[in-house]
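Some notes on the structure that comes next.
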2 protein chains.
Amino acid sequence: MERLETINFYLLDKAIRTYRVYSQKKLRENGFKITVDQWLVIKVLMENPGISQLSLAEKAFKDNASITRIIELLVKSKYLDRKVNPKDRRTSILKVTPDGEEIINKVQGLVLQNRKVAQTGITIEELENLNITLKKIIKNCQP
Amino acid sequence: MERLETINFYLLDKAIRTYRVYSQKKLRENGFKITVDQWLVIKVLMENPGISQLSLAEKAFKDNASITRIIELLVKSKYLDRKVNPKDRRTSILKVTPDGEEIINKVQGLVLQNRKVAQTGITIEELENLNITLKKIIKNCQP
DNA sequence: ATTATTTTATTGATATGTCAATTTTTGATT
DNA sequence: AATCAAAAATTGACATATCAATAAAATAAT
């Protein structure tokens, strides 16, 4: 077989998974009870207050069904608060709780550092090219 | 927040997920009852007969526990056959069944075409650079 | 040979991804 | 207003990812 190492898509898969495991491990090691995905969802919510779950899903690059479940867990962890939106009873109003804000703030530095470590030895230009290529792949595979 | 679009790791995540969904959809549309991951595991097994599950996991960029479960499903689907290895009773001897070989052969063209579609408009040089960058990320995040 | 260590694989628990079907509510059509 | 279609979210079913704990067998150390 073509060596897997040479096939872009396996490397892509491996890269994101390696980074994910690394980040999650750092979070755990530092005693933070939150997953990378949960962090992302709160972050998006903080920057887009009042957003619907559909937009939240889109902005966080997540599936709809996943967002529903991630939010469930976040509410259970007391990082989010939800109540029915009286103006559109199909949706909920999601709010980041003080606990939620606190953990995001505490985690922020670690997140930046994880990214930095992961990007060691990679130039700005290289990162830009990476983004360009990734965007092409995304476009090619979308309906 | 830094716009997510500009953050490499979300694009990375999104790219591999978009490609995965695309590939899986094509498999489904063509009536193949197999997942991308299952395909990969069989493929690796065909090219490395007699391999242990640990090496299989490594070569397929999969987690150990995941391999156990993927193999379970493949045996259930009659694409793999397993029996205890008498020389080392901790391990099993895994064999691709005729059904397994058949589906791999039938799927091969589609897989190549999926990759081709996903790489449309991306130069060889770009792909090479992508690989180089991804390998750096992997190295940076490994222990 | 017995014990201790290591290796290989499995399993349980939890989180996420994906699709399809469904529910609830809203908005549009007639 | 009654009906119909669209939108938002949930749920069920299944596959995979991850970690931790465990089981079983092989190998090393004494």
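The values are calculated or read from the model by the stated rules, or taken from the named source; none is laboratory data. Please read these numbers as outputs of a predicted model, since none were measured by experiment. Note that each Cβ is placed from the backbone with ideal geometry, even for glycine, and that neighbours are counted across all protein chains shown.
A Cβ distance below 6 Å, combined with a sequence gap of six or more or placement on separate chains, defines the contacts here; from segment A:66-83, residues that are touching a residue at least 24 places away in the same chain (Cβ under 8 Å) and over 16 Å from residue A:104 (Cα atoms) reach residues that are within 11 Å of DNA strand D (Cβ to nearest atom) and among the polar types (S, T, N, Q) in the pairs A:67/A:53. Per the conditions (1) modelled with pLDDT of 95 or more; (2) surrounded by 20 or more Cβ atoms within 10 Å (Cβ to Cβ), the sole criterion not satisfied by residue A:62 is (1). Each residue in segment A:62-85 was checked for being part of a helix (DSSP H, G or I) and either away from DNA strand C (no atom under 12 Å from the Cβ) or in contact with a His (Cβ under 7 Å, 6 or more places away or on another chain) (or both), and 0 of them qualify. Look at segment A:46-58: where a residue is within 13 Å of chain B (Cβ to nearest Cβ) and a partner is part of a loop (DSSP other than H, G, I, E, B) and within 16 Å of DNA strand C (Cβ to nearest atom), sitting 6+ places away or on another chain with Cβ atoms under 8 Å, you get A:56/A:62; A:57/A:63. The set of residues from segment A:70-103 being within 13 Å of residue A:37 (Cβ to Cβ) and either surrounded by 13 or more Cβ atoms within 10 Å (Cβ to Cβ) or β-branched (Val, Ile, Thr) (or both) comprises A:70, A:71, A:73, A:74, A:77, A:79.
Of the residues making up segment B:84-103, those that are within 14 Å of DNA strand D (Cβ to nearest atom), over 21 Å from residue B:29 (Cα atoms) and touching a residue at least 12 places away in the same chain (Cβ under 8 Å) number 3.
Within segment A:8-61, being hydroxyl-bearing (Ser, Thr, Tyr) and not in a loop (DSSP other than H, G, I, E, B) holds for A:10, A:18, A:19, A:22, A:23, A:55. Considering segment A:20-39, and only residues there that are closer than 30 Å to residue B:126 by Cβ and more than 9 Å from DNA strand D (Cβ to nearest atom), the residue that is farthest from the chain's Cα centre (by Cα) turns out to be A:23. Taking segment B:104-133 as the range and being surrounded by 13 or more Cβ atoms within 10 Å (Cβ to Cβ), assigned to a helix (DSSP H, G or I) and free of Cβ contacts under 8 Å to residues at least 60 places away in the same chain as the test, the residues that pass are B:115, B:126, B:127, B:129, B:130, B:131, B:132, B:133.
When B:98, B:49 are screened for being modelled with pLDDT under 95, more than 11 Å from DNA strand C (Cβ to nearest atom) and more than 16 Å from the chain's Cα centre (by Cα), only B:49 passes. Test each condition in (1) more than 13 Å from DNA strand D (Cβ to nearest atom); (2) over 30 Å from residue A:133 (Cβ atoms); (3) hydrophobic (A, V, I, L, M, F, W, C) for residue B:122 and report the one that comes out false. Among (1) more than 13 Å from DNA strand D (Cβ to nearest atom); (2) over 30 Å from residue A:133 (Cβ atoms); (3) hydrophobic (A, V, I, L, M, F, W, C), residue B:122 violates only (2). Residue A:143 satisfies every condition listed in (1) farther than 30 Å from residue B:26 by Cα; (2) within 16 Å of DNA strand D (Cβ to nearest atom) except (1). Scanning segment A:108-143 for residues that are more than 9 Å from chain B (Cβ to nearest Cβ) and of a type outside the set (A, V, I, L, M, F, W, C) yields A:108, A:109, A:113, A:116, A:123, A:125, A:128.
Taking residues in segment A:9-23 that are within 12 Å of DNA strand C (Cβ to nearest atom) and modelled with pLDDT under 90, and partners anywhere that are among the basic types (Lys, Arg) and part of a helix (DSSP H, G or I), not one pair has Cβ atoms closer than 7 Å while being at least 6 places apart or on different chains.
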